[in-house]
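Quick notes on the structure that follows.
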Amino acid sequence: MSTKEKYWLKVWNDKHVFEPDPVAGKKKMFVTVPFPYMNAPVHVGTAFTAARVEFYARFRRLQGYNVLFPYAWHWTGKTIVGMSQRLKQGDQAVRRAFIEMDGVPEKEVEKFVDPEYLASYYTKVSRQVIRDTGFSIDWRREFRTIDPAFRKFVEWQYLRLRELGYVVQGTHPVVWCPFDKSPTGDHDRMEGEGVSPEEFNLIKFHLGEFALVTATLRPETIYGATNIWVNPDAEYCEARVDGELWVVSSSALTKLVEQKHDAVPVRSFRGSELVGRYAMAPLTGKSLPILPGKFVDDSLATGVVYSVPAHAPYDLMALRDIQEGRVQAGRQVKEIADKIAAIPILTLTGYSAFPASDVIKKMGIKDSLDPRLEAATAEVYSAEFHRGVLTSGSGPLAGLTVSEAKKKAVELLTKTERFGKMYELPERVVCRCGTRCYVKILENQWFLNYSNPAWKAKAKLVIERAAVFPEEARQWFYSTIEWLNDWPCSRRSGMGTKLPWDKEWIVETLSDSTIYMAFYSLSKFVNLEKIGPDNLTPEVLDYVFFGKGNPANVSKAVKMTEKRLKELHTEFLYWFPVDLRNSAKELIPNHLTFFAFHHAALFPEKQWPRGFGINGMIQIEGKKMSKTKGNFVTWRAALEKYGPDGFRLALALTADGMDDADWRDRAAEDAKGKIEAVIPFVKKSLKSASNREESQLDSWLVSSVHRRIITVTEAMEEMKIRRASATTFLDTWNDIRYYIHRTKTPRRQTLVDVFSAWVRMMSPFVPFMAEDLNHELGGKGLVCQADWPSPKDFPLDEEAELGEAIVSKVIDDARNVLKVVKGPRSKLNVYVCSDAARTYFVELATAKMKKENVGQVVKKFSALKIQPDRVFKLTFEIGEDMLHKLVSHKSFDEFRSLADASEFMSKELGIKVIVQKAGSKGIRDPANKAKDALPTKPAFLLE
RNA sequence: GCGGGGGUCGCCCAGCCUGGUCAACGGCGCGAGGCUUAGGACCUCGUCCCUUAGGGGUUCGUGGGUUCGAAUCCCACCCCCCGCACCA
């Protein structure tokens, strides 16, 4: 931080310029960005998203809006608690990340075993860096999501949502970590990403008085079953399950209990004990032998499977292993196995009656341990599922497709009462805490009823009524609303607010963050100690947010003055609705859509959010940022390297729309350099200025500033930050540079006017430098409180634009000629067209545009001997804009423009340029070229 | 698989909605020159190919189509990125 930057921060702070209160009658603008989660310091990604709102806020302030940009900190959830926990357990990776990536001092890390300390530390450093970057935030309103007052707000919100029927109870299978006593989401896993519970079919074979319970995903293959596999080395048991006697693997039993079965073990034994016995299949009534199969995973489902060698590559190979002696088996087992032949049950075009055998042969698989069996299984399964048709071997299933047969088989099995279901994870899942997960049926969990069609329709209306920047994101919202199902909004662990009616549950962290923007109107009063959490009863909040109830009674009940209560209500009404909520696109499928749903549920239409801003995600030097890759860039690191203005401008120039922003050191360095060059450039320019008369060039600069202001204003209003900042820092600057370069002596007043607009356009992006520059230019007050420049103060001058465009065009054309033509030359004669030629051009072009008879015009000007085709071609070349100016500005004097620029052109081209006008007396035209000149296209003679 | 966004002249990127001003903005890199005590600063010019008069040729993922005319509109295809949920 330089002393100048500190100075401006202090000035803004002392003058409370970013601490808005309601001002009756003054138009307001309430802009927000999702609060960051405090398990790490804020990083360049956070900065990118927040900066877009910051630029917008400062821009709207100059436009005269009363702008509120508040900020808060997200602490609720289980990630912070989880990290703290892992640190406590001595996890070195977590510790290293704290120290190396986040830059936390070692002695602070020691204290991170307390999750609240961890969060408070990151909040402290993050707040400081955001302040140092000069964000125009009203810090009086900040809060943390575990603050008592905020909890009251969440409690109130859920009470009301429940009353409206949006919170419902449900029972669902989840991936469960028994250590955390919590469902384990995808990102919370060390192993098994993307794995979700699948429903296995349980088919019970008769084994005396017991049911030998096999598990399968393909019940339609029951008619092709030849035998049963158990793992001879695993532990199995007899158990009493839901009143029946079952034989399953021992590990299956705990899962059955978690899945709400009444399961009690009776006796356990090794799997080998079952080998050689026979069990009878339901439906087919066949008695099938039980064989040893080491490939059977006893921890998967029931640990018992039946074998369909015709269609399951694993089964086929395991059988052949025994038959061909690759696996040691008793004589009796071998004899049984030798007698087994695969039973085909379906036809599949492109395969024989034994698809499993085909694929194994094709892939050259030699035994049951070959890992390619996985792929072989997938191929057979997929082909059969899509194209297989069951044959007569399948009895009642004959003629059905696989998916039809599945349903039918389940139906038939259910009738035999030899059928059941259990959930299982098809692959191993391990929680980040290191514990193996399984499926649990979680009962009576609370859900947000996002599947409710009426609620969906309302949420859709929210999006429909709002502005979405960029427009492309809108469709994504609609798809998300369609796709969203009931969302579990309650959890057992982590930080958060308890459900007021069921204290066993904590409100899930995405679910407590949907309408919290409304709380910013209250948090100011909480922080200023005007009210306390005890004041925030549901009745008070009903009045504050809904205007419900009698303020006199409501306030009395909580010992608050009626005036204060009304003030809270007024403050809320003033700021609400949210005018802009901006976030990265990854939040569309969750947070932003939840935000829309909850506003739709609780607030009337006029308080629905008015604008959504979406941006891409940050990349570092072209790669996704991640701690594991080691390319994590904290906000602090970037700020210190490039300074607040450099950092801000670099962010502004990175990307627009939903494009991912690529953070590159090189670009940031460049941005920093640009900013440092502005003030010296301005000073130097003013130094060379004089008080001369206004020329065409001055009008041109003023006119182009007119257009730049419009571009930047429109871009800012649509959150096209990159375009706005690029127009300000690159295009506008280039215009000024061209002006300086083109004129020998800049006109002081022109420069002063232009710089005054320029500094205001720059100020949202680089407020520190802008204040300095404003001061330098003698501006009164603070530029962050100035008025946004108006194009009206910079009149458009199309003739000046036309004149300068022609000068540039002539220089370009002349350069081309000079490049191509070799040989000696000392001067370039430029013959501007005669007035007659100009009239001819205009009349001909007009006739053509109006589709009138061009022949008459041609005839009228036949003396000029200019082919009409030349004119038509030229009208195309110069384009609509120039043509329009040429036709509509009759008084425009091309000769004057070019003659005045002859000195400039000479300098640019490095050759003496002499401008003459065709048709005027006494011109020197030895090659008789002047007659060929047309508007914007003077004739040349090189001598 | 489902949903969303994309593929532009060495690299990054604008243009596409509202077809012609598009060989196509801007930045980076590279080349030449200028300025300067010096410069990785700044300023000019150049940077698809050809061209002794402002011209021509071939380009905007691929292949078709519509049109006097397409980077821009339509169809098909190929490729890349992102999201897909008990979690921030």
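The values are calculated or read from the model by the stated rules, or taken from the named source; none is laboratory data. This one's a predicted model, so the numbers in the text were calculated from it and none came from an experiment. Virtual Cβ from ideal backbone geometry, glycine too; neighbours counted across all protein chains shown.
Yes/no per residue for (1) more than 17 Å from residue A:4 (Cα to Cα); (2) surrounded by 21 or more Cβ atoms within 10 Å (Cβ to Cβ); (3) at pLDDT below 90:
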{"position": "A:638", "(1), (2), (3)": "yes, yes, no"}
{"position": "A:651", "(1), (2), (3)": "yes, yes, no"}
{"position": "A:654", "(1), (2), (3)": "yes, yes, yes"}
{"position": "A:665", "(1), (2), (3)": "yes, no, yes"}
{"position": "A:686", "(1), (2), (3)": "yes, no, no"}
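Please enumerate the residues belonging to the range A:621-636 that are away from RNA strand B (no atom under 16 Å from the Cβ) and of a type in the set (Val, Ile, Thr).
The answer is A:633, and nothing else.
Could you tell me which numbered condition residue A:420 fails, if it satisfies all but one of (1) within 16 Å of RNA strand B (Cβ to nearest atom); (2) modelled with pLDDT of 90 or more; (3) of a type outside the set (A, V, I, L, M, F, W, C)?
Result: residue A:420 fails condition (1) only.
Would you point out which residue out of A:759, A:754, A:766 is surrounded by 23 or more Cβ atoms within 10 Å (Cβ to Cβ) and farther than 18 Å from residue A:707 by Cα?
Answer to the selection: A:766.
Looking at A:403, A:394, which one is among the small types (Gly, Ala, Ser) and either within 13 Å of RNA strand B (Cβ to nearest atom) or touching a residue at least 24 places away in the same chain (Cβ under 8 Å) (or both)?
Unique residue meeting the criteria: A:394.
How do the helices (runs of 4 or more DSSP H) wholly within the range A:530-584 filter down when requiring 1 or more residues that are more than 38 Å from the chain's Cα centre (by Cα): which remain?
In the range A:530-584, the matching helices (runs of 4 or more DSSP H) lie at A:551-557, A:562-575.
Go through (1) over 27 Å from residue A:655 (Cα atoms); (2) away from RNA strand B (no atom under 16 Å from the Cβ) for residue A:763 and report which single condition fails.
(1)
Listed residues A:689, A:655, A:661; which is touching a residue at least 40 places away in the same chain (Cβ under 8 Å) and in contact with a Pro (Cβ under 6 Å, 6 or more places away or on another chain)?
A:689
Scan the range A:484-503 for residues that are more than 6 Å from RNA strand B (Cβ to nearest atom) and closer than 12 Å to residue A:588 by Cα and report the count.
0
Which number in (1) closer than 27 Å to residue A:595 by Cβ; (2) crowded, with 22+ Cβ neighbours inside 10 Å; (3) within 16 Å of RNA strand B (Cβ to nearest atom) marks the one condition that residue A:152 misses?
(3)
Can you tell me which of (1) outside any helix (DSSP H, G or I); (2) in contact with a strand residue (DSSP E or B) (Cβ under 6 Å, 6 or more places away or on another chain) is the one residue A:517 doesn't meet?
Condition not satisfied by residue A:517: (1).
For the range A:164-254, which fully contained strands (runs of 3 or more DSSP E) count at least 3 residues that are away from RNA strand B (no atom under 16 Å from the Cβ) and out of contact with any Gly (no Cβ under 8 Å at 6 or more places or on another chain)?
A:198-207, A:210-216, A:235-241, A:244-249
What residue, among those in the range A:56-94 that are part of a loop (DSSP other than H, G, I, E, B) and among the charged types (D, E, K, R), is farthest from RNA strand B (Cβ to nearest atom)?
A:91
(1) at pLDDT below 90; (2) in contact with a Lys or Arg (Cβ under 8 Å, 6 or more places away or on another chain); (3) within 12 Å of RNA strand B (Cβ to nearest atom); (4) not small (Gly, Ala, Ser): which one isn't true of residue A:476, the others all being true?
Failed condition: (1).
Restricting attention to the range A:27-86, which residues are free of Cβ contacts under 8 Å to residues at least 60 places away in the same chain and touching a Leu at 6+ places or on another chain (Cβ under 8 Å)?
Once the filter is applied, which keeps residues that are free of Cβ contacts under 8 Å to residues at least 60 places away in the same chain and touching a Leu at 6+ places or on another chain (Cβ under 8 Å), the range A:27-86 yields A:83, A:84.
Of all residues in the range A:786-818 being basic (Lys, Arg) and within 11 Å of RNA strand B (Cβ to nearest atom), which is nearest to residue A:57 (Cα to Cα)?
A:809
So residue A:444 passes all but one of these: (1) at pLDDT below 90; (2) surrounded by 18 or more Cβ atoms within 10 Å (Cβ to Cβ); (3) part of a strand (DSSP E or B). Which condition number does it fail?
The number of the failed condition is (2).
Could you tell me whether any residue of the range A:819-831 is within 9 Å of RNA strand B (Cβ to nearest atom), over 19 Å from residue A:701 (Cα atoms) and in a helix (DSSP H, G or I)?
yes
I'm trying to understand the selection: among the residues of the range A:235-273, which are small (Gly, Ala, Ser) and under 15 Å from residue A:440 (Cβ atoms)?
A:251, A:252, A:263
Which one of these does residue A:704 not meet: (1) over 27 Å from the mean Cα position of the chain (by Cα); (2) of a type outside the set (D, E, K, R); (3) more than 10 Å from RNA strand B (Cβ to nearest atom); (4) closer than 19 Å to residue A:768 by Cβ?
(4)
For the range A:854-939, which helices (runs of 4 or more DSSP H) that fit wholly inside it have 2 or more residues that are within 14 Å of RNA strand B (Cβ to nearest atom)?
The helices (runs of 4 or more DSSP H) meeting that bar are A:868-888, A:894-900, A:902-909.
Is it fair to say residue A:327 is farther than 15 Å from residue A:389 by Cα and at pLDDT 90 or above?
no
Please give the number of the condition residue A:739 fails out of (1) closer than 18 Å to residue A:906 by Cα; (2) over 47 Å from the mean Cα position of the chain (by Cα); (3) in a helix (DSSP H, G or I).
(2)
Pick out the one residue from A:83, A:101, A:1 that is at pLDDT below 95 and over 30 Å from residue A:511 (Cβ atoms).
Going through A:83, A:101, A:1 in turn, just one is at pLDDT below 95 and over 30 Å from residue A:511 (Cβ atoms): A:1.
Those residues that are within 15 Å of RNA strand B (Cβ to nearest atom) and under 22 Å from residue A:154 (Cα atoms), I need them from the range A:590-620; list them, please.
A:590, A:591, A:592, A:593, A:594, A:595, A:596, A:597, A:598
Tell me, please, whether a residue that is more than 16 Å from RNA strand B (Cβ to nearest atom), touching a residue at least 40 places away in the same chain (Cβ under 8 Å) and within 30 Å of residue A:183 (Cα to Cα) can be found in the range A:459-468.
No, the range A:459-468 has no match at all.
What pairs can you find where one residue is in the range A:803-814 and under 19 Å from residue A:889 (Cα atoms) and assigned to a helix (DSSP H, G or I), the other is more than 7 Å from RNA strand B (Cβ to nearest atom) and basic (Lys, Arg), and their Cβ atoms are less than 9 Å apart, with a gap of 6+ or different chains?
Going by the 9 Å Cβ cut-off, the qualifying pairs are A:803/A:896; A:804/A:742; A:805/A:885; A:807/A:742.
Hey, any hits in the range A:411-430 for a residue that's in contact with a Gly (Cβ under 9 Å, 6 or more places away or on another chain) and of a type in the set (Gly, Ala, Ser)?
no
Filter the range A:428-458 for residues that are among the charged types (D, E, K, R) and within 14 Å of RNA strand B (Cβ to nearest atom); which is nearest to the chain's Cα centre (by Cα)?
Residue satisfying both the conditions and the ranking: A:456.
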